[in-house]
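Report on one structure; see the data block that follows.
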Amino acid sequence: SSVVVTSAVVVAALAGAVDPLQLVQAMPAARVEYIAPWWVVWLHSVPHLGLRLQRVDSTFSPGDETYQESLLFLGVLAAIGLGLNLIFLTVYLVCTCCCRRDHTVQTKQQESCCVTWTAVVAGLLCCAAVGVGFYGNSETNDGMHQLIYSLDNANHTFSGMDELVSANTQRMKVDLEQHLARLSEIIAARGDYIQTLKFMQQMAGNVVSQLSGLPVWREVTTQLTKLSHQTAYVEYYRWLSYLLLFILDLVICLVTCLGLARRSKCLLASMLCCGILTLILSWASLAADAAAAVGTSDFCMAPDIYILNNTGSQINSEVTRYYLHCSQSLISPFQQSLTTFQRSLTTMQIQVGGLLQFAVPLFPTAEKDLLGIQLLLNNSEISLHQLTAMLDCRGLHKDYLDALTGICYDGIEGLLFLGLFSLLAALAFSTLTCAGPRAWKYFINRDRDYDDIDDDDPFNPQARRIAAHNPTRGQLHSFCSYSSGLGSQCSLQPPSQTISNAPVSEYMNQAILFGGNPRYENVPLIGRGSPPPTYSPSMRPTYMSVADEHLRHYEFPS
């Protein structure tokens, strides 16, 4: 029903039957009070200390040096946190590098497991930090865009007011004066009509004086435009910087985990150095977020007071208070001017109507100028309705609340999440840096253990790599080992053995099985022409190889 009533009043006002102030008063009031959120109250209650540790007033005053020192002190606290973090990492690295233990198999397994789980925890912390950072960056960006939109909307309203005032002043001072001057020449013979024209000229001067009493927003629009452009510029590079920081954190964390998985010392060392750099950037971003959040919270705690104190030289405090509070109990400071404007226009329209009715039959050439004045007054009345709607506090107050919502709700909330991201990122890269020396020592001990294994061991990775890269060397090594085995075999003297009474058939079967293999022939006995003894495990030579050992346990069929 309120929408129907409002629509009817608007139509009647455009038709000239209702005063524009009644139009504004008939509109339903939908004012929403600004209430500072709990995080603004909490951040505003943070003690403000100067660099000399003296207490500073928490009232938002960015031009005051002591207040600037209180925000700078938060950055100093973050720098102290970075120093303590680096000292802890240095002590930990020194203790880890200087610690010596017996590297048993159980110790190596525990160390490898510790490095693995540390890398996993660091990776999870890094992913959680980036997720929180993305949310905080998006919230802050949304709040800043809402602030920029509100500033541009308010700037458009102020510019529209100036344009309407300028247009109406131009009509009354120039266009209306030209029509009245021509009419004075046409109807100069009638003194009563000349008095009517002078009365209309007086009403036009009254309108011009009322319009000149309205505030001029040119300087305000200039400052709002500058503030909007600066905010958009800073916000774009802030958002882009955090986005690049998120990508850098993910890349360093993933590449470090890859270096741990592939046991690459070079990759691990380079990524750990980049991790230290990212750790410094995390603490620096924490300092910037803390200072920005506390300073913005000080503004959001009492924004009306700051705006009233800084706009008194440009705009009347009564006008500023009217737009900031927009209460039903407040009377519009433009009510008298707009009412006088409306009454003057109505009076001039009545005078023009009378001249059209009585003067045109006597002076037909005056009809054109009278119709031009009537059209000019109708356009001025339409402009009056538009100006009345723009001067009403509800539109600008809504833009003001939207700007506060963007700054104090979304903006500060996003800054808090960005601060949490900085803490989680610092913790993640500190954990990853702590895992680096353990992984380095584990790689060195693993390589040393492989180097201690015999090159003939088929499970030695070093031997496998040597054979793969230099097959000739591997074959030569095997040949030399085999030749040395033959030489030692030839130089050995046969041990004293008992005479075997085994039948010849058994000897023939064994000769067939082991024929052609010189390692199973007793060369000295054959050289004397004596029959070889029966093979038994107790008579195995000392130079028997691993393959011979496997053959010894093999049961041949009879």
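The values are calculated or read from the model by the stated rules, or taken from the named source; none is laboratory data. Predicted, not measured: the structure shown is a model, and the values here were computed from it. Every residue, glycine as well, gets a Cβ built from its backbone with ideal geometry; the counts of neighbours run over all protein chains shown. Note: accessible area is taken over every heavy atom of the protein model, side chains too, but ligands, DNA and RNA are not part of it. Shrake-Rupley method; radii C 1.70, N 1.55, O 1.52, S 1.80 Å.
Here is the figure for the stretch 173-223: residues that are in contact with a helix residue (DSSP H, G or I) (Cβ under 8 Å, 6 or more places away or on another chain), touching a residue at least 40 places away in the same chain (Cβ under 8 Å) and part of a loop (DSSP other than H, G, I, E, B) total 6. Say whether the condition of being outside any helix (DSSP H, G or I), hydroxyl-bearing (Ser, Thr, Tyr) and at pLDDT 60 or above is met by at least one residue in the stretch 82-103. Looking for residues that are outside any helix (DSSP H, G or I), hydroxyl-bearing (Ser, Thr, Tyr) and at pLDDT 60 or above, one finds none in the stretch 82-103, hence no.
Only residues that are of a type in the set (Ser, Thr, Tyr) and open to solvent by less than 40 Å² (accessible area, probe 1.4 Å) were counted in the stretch 215-233, giving 3.
Yes or no, residue by residue, for (1) within 23 Å of the chain's Cα centre (by Cα); (2) of a type in the set (D, E, K, R); (3) at pLDDT below 90; (4) open to solvent by 50 Å² or more (accessible area, probe 1.4 Å):
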| residue | (1), (2), (3), (4) |
| --- | --- |
| GLN68 | no, no, no, yes |
| LEU71 | yes, no, no, no |
| THR118 | no, no, yes, no |
| ALA122 | yes, no, yes, no |
| HIS145 | yes, no, no, yes |
| ASP152 | no, yes, no, yes |
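Figure legend. Inter-residue proximity from the stretch 33-58: first residues in a helix (DSSP H, G or I), second residues of a type outside the set (A, V, I, L, M) and surrounded by 12 or more Cβ atoms within 10 Å (Cβ to Cβ), beta-carbon distance below 7 Å, spacing 6+ or different chains. Indicated pairs: TRP39/GLU413; VAL40/SER297; VAL40/CYS300; VAL40/CYS408; LEU43/SER297; HIS44/SER58; HIS44/SER297; HIS44/ASP298. Of all the residues in the stretch 234-273, those that are open to solvent by 50 Å² or more (accessible area, probe 1.4 Å), within 20 Å of VAL130 (Cα to Cα) and aliphatic (A, V, I, L, M) number 8. A single entry from LEU387, LEU401 fulfils the requirement of being crowded, with 18+ Cβ neighbours inside 10 Å, of a type outside the set (D, E, K, R) and at pLDDT 65 or above: LEU387.
All of SER166, SER212 fail the test of being hydroxyl-bearing (Ser, Thr, Tyr) and open to solvent by 80 Å² or more (accessible area, probe 1.4 Å), apart from SER212.
Note on the stretch 34-66: residues that are aromatic (Phe, Trp, Tyr), at pLDDT 90 or above and surrounded by 12 or more Cβ atoms within 10 Å (Cβ to Cβ) amount to 2. Taking PHE417, is it aromatic (Phe, Trp, Tyr) and open to solvent by 20 Å² or more (accessible area, probe 1.4 Å)? Against the criterion (aromatic (Phe, Trp, Tyr) and open to solvent by 20 Å² or more (accessible area, probe 1.4 Å)), PHE417 qualifies. Figure legend. Inter-residue proximity from the stretch 270-283: first residues in contact (Cβ under 8 Å) with a residue 40 or more places away in the chain, second residues part of a helix (DSSP H, G or I) and open to solvent by 50 Å² or more (accessible area, probe 1.4 Å), beta-carbon distance below 7 Å, spacing 6+ or different chains. Indicated pairs: THR278/LEU248.
The residue pairs whose first member lies in the stretch 301-315 and is within 22 Å of LEU43 (Cβ to Cβ), whose second member is aliphatic (A, V, I, L, M) and surrounded by 15 or more Cβ atoms within 10 Å (Cβ to Cβ), and whose beta carbons are closer than 8 Å, counting only pairs six or more residues apart or on different chains, are MET301/ALA36; MET301/VAL40; PRO303/LEU404; ASP304/LEU324; ILE307/LEU324. Checking ILE315, ILE350 one by one, the residue that is aliphatic (A, V, I, L, M) and modelled with pLDDT under 90 is ILE315 and no other.
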